[in-house]
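Right, one structure below, let's go through it.
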Amino acid sequence: MNFIDTHIHLDGKEFDDDRHLVIERAKAAGAVRMLVPAIDLDSVGRILRVCEEAGGFCLPMVGLHPEEVRADYREVLRKMQDMPLVPFVGIGEIGLDFYWSREFEQEQLDAFERQVEWACQTGLPLMIHCRKAQNEMVGILRKFVGRLPGGVFHCFTGNLIEARQLLEFEGFALGIGGVLTFKKSRLPEVVAQLPIDRIVLETDAPYMAPVPMRGKRNESAMITYVIDKMAECMGMDAAEVADATTLNAMRIFRLDK
């Protein structure tokens, strides 16, 4: 059973002591790729080193996370856009997040739109984070319909109406992770009504560990619990879910077999 973890913060300090073992456990569990998004300028360098050490098994993205948007965001984006694009498989993790604060609301909106434009210019797919801002996010994405290169709506936990609104954007999938397994989650009843060809798997590790690993550091090997739960929700075999979501990720991020 093969799978792709489309979203793991493998450069984080939480993995400093055993990063190589995390990768080995992922491979043993069936991982064929691990995709590593950036959050700010400093993280890009770390990610490139991690991915290089992994020998191409881990693949980097570049982008400015909404919670890292500050007054200097234009300069940060300029430096990112001056980097060679060759190693990167996506623009991310970008988006909007008004959950904690709207202090930099206008800066977030502008940074997101600039990075969506960047993705359209480069053809690199988007890895989009959105919290308490779906209307604003959708409004910006609609400006680029017909040009969008596709991507993933990361860590989707919304209802069916929200899911269908996001899936109106061609070439995009919903990123589903550990929340699917949580006891009080309503995501299972939503996932049961979604097309399997519009879903990809993710961990968001080291965060969001699935049941029965809640409270522990998450890692790619734990995605098998998400696969099992998704199979149960959709009335499919676990291997079918793994294969389908792997093909989806390969298509979106244009990965070789």
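Key figures
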item: Cα shape, segment 196-257, gyration tensor, a/c 1.5 rule; result: oblate
item: Solvent-accessible surface (1.4 angstrom probe) belonging to Ile140, in square angstrom, nearest 10; result: 10
item: Ellipsoid semi-axes in whole angstrom, largest first, where each is sqrt(5λ) of the Cα gyration tensor of the chain; result: 26, 22, 17
item: Whole-number accessible area per residue in Å² for segment 112-257, which is evaluated in the context of all protein chains at 1.4 Å; result: 45
item: Links that overshoot a 32 Å alpha carbon limit, given the list Lys13/Lys229; Lys143/Lys184; Lys132/Lys183; Lys79/Lys229; result: Lys143/Lys184; Lys79/Lys229
item: Protein accessible area in the chain, 1.4 Å probe - carbon and sulfur %; result: 48
item: Heavy atoms of Asp243: accessible area, 1.4 Å probe, square angstrom to 10; result: 80
item: C-alpha center-to-center spacing [segment 137-184, segment 2-67] in angstrom; result: 22
item: Amide hydrogen neighbours beyond the local backbone of Met127, cut-off 5 Å, H modeled; result: Ile91, Gly92, Ile94, Val152
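The values are calculated or read from the model by the stated rules, or taken from the named source; none is laboratory data. Keep in mind that this is a model prediction, so the values were computed, not measured. For the accessible areas, the whole protein counts, side chains as well, though only heavy atoms, and no ligand, DNA or RNA atoms are used. Shrake-Rupley method; radii C 1.70, N 1.55, O 1.52, S 1.80 Å.
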